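Chemist: Questions regarding the structure given below will be posed in turn.
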Amino acid sequence: MTPLNYFVVLSAVLFVIGVAGVLLRRNVIVMFMSIELMLNAVNLAFVAFGRQLGNAEGQVIVFFAITVAAAEAAVGLGIIIAVFRNRMTLNADELKLLRW
Amino acid sequence: MAIELVIGAVKALVVLLLVLNVTGSMLWFERKGAALIQDRIGANRAAIFGVGRRMGLPNLGLINTLIADPIKLFTKEDFVPAGADRVLHSLAPFLALFPVLVTFAVVPIGDVLRIGSRTITLQAANLPAAALYVLAVLGVGVYGVALGGWASNNRWALLGGIRASAQMISYEMAMGLAILAVVVTYGTVDLQTICRMQGGVWFGWLPRWGIVLQPVSFILLLVAGIAESKRVPFDLPEGESELVAGYFTEYSGGKQAVFMMTDFAEVVLVSVLITLFFFGGWQVPWLYADGFHFPGPHGAFLALPNYAVAILQIIAFWVKTLFFCLLQILVRWTLPRLRYDQLMGLGWKGLLPLGLLNLVVTAFVVVAVGGR
Amino acid sequence: MPLWLFAFFAIIAVVSALGVILQRHPVHCLLALALALLDIGALFIGLGAEALGFLQIIIYVGAIMVLFLFVIWLLNLQREGLATERIGLKVIGTLAAAALGAELCALLVHAGPAPAAPLPVDYGSLRSLARLLFANYLVAFEVTSALLLAAMVGAIGLARRIPGTNAVAAPPSDVADRLRSAAG
Amino acid sequence: MNTLNLANLGFAWLPLLPLIAVAVGAAIILLVGVRLEDEDSAGLGILALGVLLVSFVCTLFTIGVNAEAFGGALLTDDYTAFFEIVIQAAAAISVALSLDYAADNGLAGAEYYSLVLFAVLGMMLMAAAGDLIIVFLGLETMSIAVYALAGFVRREARSSEAALKYFLLGAFSTGFLLYGIALIYGATGTVHLDGIRAAIVARAASQPYLELGVGLMVIGFGFKVAAAPFHAWTPDAYEGAPTPITAFMATGVKLAAFASFVRVFMIYLGPAAAQWSGVLWVLAALTMTVGNVVALVQDNIKRMLAYSAIAHAGYALVGMTAAGSAAAVLYYLVAYAFATLGAFAVVIVLERRATAGLRIADYRGLAQTRPGLAAAMTLFMLSLTGVPPLAGFVGKLYVFAAAVDSGHVPLVVIAVINSAISAYYYIGVIVAMYMQEGTPEIEPSGASPGVLIGVAIAALAVVLIGIAPTPYMNAARDAFAAAAGPPAQATAFAR
């Protein structure tokens, strides 16, 4: 059996990779993908904790987190399309009508 | 431990071989079916070295399709267009085929076989959440087609890929709702249990098949399944008058053969699912674990040994499956192609509300009747 | 889940996650992410959350990622150049993130696991999950319906045509020639 | 196998009613709006106001109930009712500001107003949440609706860009918040706030997990309340979003985020205060300073108000560092909300297109052309500065006094210095309106009744709450006491 700590550490590693992706990438859609990676890292932590505690609450939260991610994806991609139609770019460095 | 592994491997191999053979035969059935509908002979040059015909034997068309066609296809030049994403271009056909094939792993093709003291479930992988597994694997299947279209660096291929993936995820909704209604009806996601629950009879003669309980789901699954396999009347992804050949425009040789095989494997898969959920799976009417109990005032009984029952079940399963394969071929050669807006309209405005309604009604009835 | 299996999935997860942030083409990033999500689904199943693992694959890999793929295609995104602006800031940010990660890992390893509690028989089954959703978390479950409706309304509100025009918003003429280097 | 028994869950209609009213109202608006042209959307706005009124009446019934429902998922106490009413008021004023704005800009009314109501639903859930799942879902319902609203003027590149920045950073922060929830769940074994507090009190929680989780939740909430250094999205999102939505974001979103932040941290993570009060101290000092200093150099009024909103989040955080001052924070937020709503209402009157009429220079000579508006704007600016006897002053007084009582004297010194700095840019607007004769380049016309009513209500509130603070402060005190009361008192009344 794998100690459950390993899963939590794996989730931390994935989370940090996601954070690094958001900070490093310039294409907003890839930034968004990195955010999805972060959320999934969190989901892994939830399931691992749930397994450790022996209650299914962790799974329930993941269920909701997945739902939220789907909703976020719909709205986020809608916004991304709207931005692209207006500006013809998805490069975060070029989106400077407003100062960051 | 070791013997378990061997049994598992044998079961997997048997299922895989069965599926591959049925899938391969589909090409021949398709050609013959087309010929039948178009009032011609079709596939009539299929004698090996002409020997069969010289000796007055019937054509060996089926065997030829299984042996000669693959050899021909896999020895053709495998062409990758310039500017294509080489890795994904090669990977895509297998990404399409693999999910379809692994779906069969959870399909029960019979009840149990007893050898000595050992009881073997006739199902390659005994997964409790098999219905979810089917949906998950089907969901992943979108990538092969989508990426095949994209990686070819060809506009028509990309359009075909987009059409295909949009169509597949749209109809996956209807398919999922159809399967969910069945799951709610039987209260389990285990396919073997669903099959077992379809044993027995109502009124002394009517087999307890799912079609009686879930006729709407059956229609949903059939239509969505045909759309899922991207065949006429839902073959817009490869609509040759608009898109050359859709997502596999730039494929040739073996890789194209794999795409074609995926289509046929999907046809088989849809038939298998319909058989499982609505036509009793491996159930033979009036056949129980100990033999036939015929209906009627006198109730004739024919005792059968376990192995005979298992064989009958396996045969029944594949006969039913084959029937629905042929039905799909019939549909393919009979109906005209839809327009794309009609396709999307049918999926989202027709099947989806119908599926939701069916699910709600099912849930109410289950609560009212069973109170599980 | 035996250790070797965990190691296998963990390596795939980390490699594909790195792929998401290191690949230059959005489609390749997306495939790496899809693989990572598939892998995480497998880890769920390995942790006994069988139904959830399949749901993860159905929803994330089968639907959300395909939506991303559509948008990438719709916008015809090409390879991305390397970051040129405020690179120092970004490197610092990433180093900070890495430091945070190291600290996180150190702490988590150090935390010491509570002994794994005994599991109920039907742990992770669809039935147990559904039972919780429709009983203890009824309110939350109902809220998700409002959440999804809001997301649908929002997405349609953002993406539907501007009334009276055939086109969607007309792009400013000075950026029209940047179509080729879009997002590049 | 036993069937589900809803009574066992503590199923109760009462706490749900305000929420159901809003959700059903949103759906009705969608259905009614199907056949309406976008230019006729004002009627839908009136309908939305009606829905908010119904929800408000439903909320009135929940006052004094102080119970929990659905196994502790929803808390029906006065704290919830307090925030629900303030949120409804903020939303109602935002809707009133939108009536003509949405129609003039050709925004799709059905979508617009239903999204506002969905956002309100999320906000009310955040206030009522009894477990972290509801906090998370409420936050997301609110955020997703507001992301879309921020980008609702699709013709404007600025609006889309604002939505994008708000969305990306918001989703980013959600990741942190959710990880925080995960670690707290891992540490305490539950997501119910009661259970979390019990585990902390019993020292049953794993310390490293708890510390990390609390830290990550501070980051997540910090983003939502726009605390420095997590404020980067605020000015852009506030500047680019349609102005009524900016007003809504600056008040409703902030109120809801603080409602949740205060409840989770001060009440349920209170036993672990040692782990977060220091962090909040630094956050508060940083937020006030950044907000006020950067606001000094802004020439766009929406951006200036955005930095002002950041600064005020800082003052509220000052209150959160002091254990006894939660009621002061509640009062302060109300004072801030009305002044900010009023200021944005005036901005809408002067705003011509999304880019014009928003410079502070455009306010020159407003006292001559529109003396009433200028006077109201003066009131709002003075209240935000903290000049007696207006609401902002009393709020600051309560917050700072409580912080001094808890021994955070240096922090209060920083806060007072910051207030002095803020006077410069707030009074700059007043100077522009009254002292500078320059011909106003912007003709303030198109002030619709809705906007004027909004200005009037906000002005009245700022004065009233300031002159007679006692009833409001008592309400805030009762609300907090009800929330912090012993859990035994909170029994599910439906059983």
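Every number here is computed from the coordinates shown, using simple stated rules; none is lab data. Treat the numbers as computed from the prediction; the structure is a model and nothing was measured. So basically every Cβ, Gly included, is an ideal-geometry build from the backbone, and we count neighbours across all protein chains shown.
Chemist: Which whole number gives the average count of other chain Cβ atoms within 10 Å of the Cβ atoms across peptide B:107-114? Show your work: numbers first, answer last.
Modeler: Details: counts 0, 0, 0, 0, 0, 0, 0, 0.
Partner Cβ neighbours, averaged per residue: 0.
Chemist: Within 10 Å of each Cβ of B:130-137, how many other protein chain Cβ atoms are there on average?
Modeler: Numbers: counts 1, 2, 9, 6, 2, 5, 11, 4.
Going residue by residue through B:130-137 and averaging, the value is 5.
Chemist: Find out how many positive minus negative residues lie around D:A479, taking Lys and Arg as positive, Asp and Glu as negative, among other residues whose Cβ is under 14 Å from that of D:A479.
Modeler: Details: positive: D:R263, D:R477; negative: D:D77, D:D78, D:E84, D:D478.
Its environment carries a net charge of -2.
Chemist: Report D for the stretch D:76-201 in µm² per second (integer): Stokes-Einstein, Kirkwood Rh on Cα pairs, 37 °C, 0.692 mPa s. Intermediate values should be presented prior to the final figure.
Modeler: Details: Rh = 16.2 Å.
Taking Rh from Cα pairs, D becomes 203 µm²/s.
Chemist: Tell me which residues come under 5 Å, amide H to amide H, from A:T2 once H is placed; ignore anything under 5 positions away on its chain.
Modeler: C:L3
Chemist: Would you mind checking the tilt of helix D:449-467 against the longest principal axis of the Cα atoms of chain D, expressed as 0 to 90 degrees and rounded to 10?
Modeler: Tilt of helix D:449-467: around 60 degrees.
Chemist: Right, another one. Using 1/(1 + (r/R0)^6) with R0 = 41 angstrom and r between the beta carbons of B:L302 and D:R35, what's the FRET efficiency to the nearest 0.05?
Modeler: Details: r = 67 Å, r/R0 = 1.64.
Using R0 = 41 Å, I get an efficiency of 0.05.
Chemist: Per residue of the stretch B:249-254, what does 6.51 cos²θ - 1.76 cosθ + 1.60 with θ = phi - 60° give for ³J(HN,Hα)? Whole Hz please, x for Gly and Pro, Karplus curve as stated.
Modeler: In residue order, the calculated couplings are 3, 8, 10, 8, x, x Hz.
Chemist: Additional query: Of D:V318, D:V293, D:A273, which is farthest along the charge dipole of the stretch D:198-347 in the positive direction, counting Lys and Arg as +1 and Asp and Glu as -1 at C-beta?
Modeler: Comparing the listed Cα positions along the dipole, D:A273 ranks first.
Chemist: Residues with amide H under 5 Å of D:E68's amide H, sequence separation 5 or more or different chain, H placed in the peptide plane at 1.01 Å from N; which?
Modeler: D:T76, D:T491, D:A492, D:F493
Chemist: Based on the mean of other beta carbon atoms within 10 Å per residue, what is the order of B:197-208, D:218-229, most packed first? Could you put the intermediate results ahead of the total?
Modeler: On the way: B:197-208: 14.3, D:218-229: 23.7.
The densest-packed peptide leads the list: D:218-229, B:197-208.
Chemist: When a/c reaches 1.5 or more, the comparison of a/b and b/c decides; with that in mind, is the stretch B:100-219 rounded, prolate or oblate per its Cα gyration tensor?
Modeler: Details: a/c = 3.43, a/b = 1.78, b/c = 1.93.
In terms of gyration-tensor shape, oblate.
Chemist: I would also like to ask the following. Checking the cross-link filter: which aspartates and glutamates have an alpha carbon closer than 16 Å to that of B:K349, excluding same-chain neighbours under 8 positions apart?
Modeler: Excluding near neighbours in sequence, the set is B:E172, B:D341.
Chemist: Over the whole of C:26-37, what's the average partner chain Cβ count within 10 Å per residue? Rounded to a whole number, please.
Modeler: The mean count of partner-chain Cβ atoms within 10 Å per residue comes to 5.
Chemist: Would you mind computing, in nm to one decimal, how far apart the modelled labels at B:F323 and D:I417 are, each placed 7 Å from Cα along Cα→Cβ?
Modeler: Computed distance between label sites B:F323 and D:I417 equals 8.7 nm.
Chemist: Count the net charge of all other residues whose Cβ sits under 12 Å from the Cβ of D:F261, scoring Lys and Arg as +1 and Asp and Glu as -1.
Modeler: Numbers: positive: D:K224, D:K254, D:R263; negative: none.
After counting each charged neighbour, the total is +3.
Chemist: Now, a different point. I'd like the orientation of helix D:17-33 relative to chain D: the angle between its Cα long axis and the longest Cα principal axis, in ° from 0 to 90, rounded to 10.
Modeler: 50
Chemist: When the chain is fully extended, how far beyond the present Cα-Cα distance does B:K76 get from B:I41, taking 0.36 nm per residue of separation? Don't skip to the end; give the middle numbers.
Modeler: Working: separation 35, 0.36 × 35 = 12.60 nm, distance 2.71 nm.
Additional length available on full extension: 9.9 nm.
Chemist: Of the listed peptides B:6-15, A:46-55, what is their order by residue-averaged count of other C-beta atoms within 10 Å, with the highest listed first? Show your work: numbers first, answer last.
Modeler: Working: B:6-15: 14.2, A:46-55: 24.8.
Going by the mean number of other Cβ atoms within 10 Å, highest first, we get A:46-55, B:6-15.
Chemist: How do the peptides A:36-42, D:103-109 rank, highest first, by the average count of neighbouring beta carbon atoms within 10 Å per residue? Let's see the in-between values first.
Modeler: Working: A:36-42: 27.1, D:103-109: 20.6.
Averaged packing, sorted descending, gives the order A:36-42, D:103-109.
Chemist: Something else now. From the convex hull of the Cα coordinates of the protein assembly as shown, what is the mean projected area in square nanometres? Working shown, then result.
Modeler: Working: hull surface 194.3 nm².
Quarter of the Cα hull surface area: 48.6 nm².
Chemist: What are the semi-axes of the equivalent ellipsoid of the stretch B:82-370, taken as the square roots of 5 times the eigenvalues of the Cα gyration tensor, listed largest first and rounded to whole Å?
Modeler: Details: eigenvalues 278, 93, 51 Å².
So the equivalent ellipsoid measures 37, 22, 16 Å along its semi-axes.
Chemist: In addition: Can you pull the one-decimal nm distance between simple spin-label points at D:S406 and B:T334, each 7 Å off the Cα toward Cβ?
Modeler: 7.6
Chemist: Over every pair of different alpha-carbon atoms in chain A, take the mean of 1/r and invert it; report that Kirkwood radius in Å.
Modeler: Working: mean 1/r = 0.0661 Å⁻¹.
One decimal place: 15.1 Å for the Kirkwood radius.
Chemist: From the backbone phi of the stretch D:204-217, what are the Karplus-calculated ³J(HN,Hα) couplings (6.51 cos²θ - 1.76 cosθ + 1.60, θ = phi - 60°) in whole Hz, Gly and Pro given as x?
Modeler: Residue by residue, the stretch D:204-217 yields 8, 8, 6, 4, x, 4, 5, 4, 4, x, 4, x, 5, 5 Hz.
Chemist: Additional query: Cα-Cα over 20 Å: which of B:K32/B:K76; D:K165/D:K254; B:K76/B:K255; B:K11/B:K230? The partial results should precede the final answer.
Modeler: Details: B:K32/B:K76 24 Å; D:K165/D:K254 17 Å; B:K76/B:K255 10 Å; B:K11/B:K230 30 Å.
Result: B:K32/B:K76; B:K11/B:K230 exceed 20 Å.
Chemist: Here's something else I'd like to know. In whole Hz and in residue order, list the ³J(HN,Hα) couplings for the stretch B:288-305 that follow from phi through the Karplus curve 6.51 cos²θ - 1.76 cosθ + 1.60, θ = phi - 60°; x for Gly and Pro.
Modeler: 10, 4, 9, x, 7, 10, 6, x, x, x, 9, x, 4, 10, 10, 6, 9, x
Chemist: Further question: In the stretch B:164-241, what is the volume of the convex hull around the alpha carbon atoms, normalised per residue and reported in Å³?
Modeler: Working: hull volume 7.6 nm³, N = 78.
Hull volume normalised by residue count: 97 Å³.
Chemist: Which cross-chain or sequence-distant (5 or more) residues have an amide H under 5 Å from the amide H of B:G291, H modelled 1.01 Å from N in plane?
Modeler: Those qualifying (amide H under 5 Å, at least 5 residues apart or on another chain) are B:L304.
Chemist: Also, I was wondering about something else. Rounded to the nearest 0.05, what FRET efficiency do B:V14 and D:V24 give with R0 = 41 Å and r taken as the Cβ-Cβ distance? Could you check?
Modeler: Values: r = 56 Å, r/R0 = 1.37.
For B:V14 and D:V24, the calculated efficiency is 0.15.
Chemist: Under 17 Å Cα-Cα from D:K224, which aspartates and glutamates qualify once same-chain neighbours fewer than 8 residues away are excluded?
Modeler: Qualifying aspartates and glutamates at Cα under 17 Å: A:E72, D:E140, D:D236, D:E239.
Chemist: In degrees between 0 and 90, to the nearest 10, how far off the longest principal axis of chain B does helix B:2-37 point, with axes built from Cα atoms?
Modeler: Helix B:2-37 and the main axis of chain B meet at about 60 degrees.
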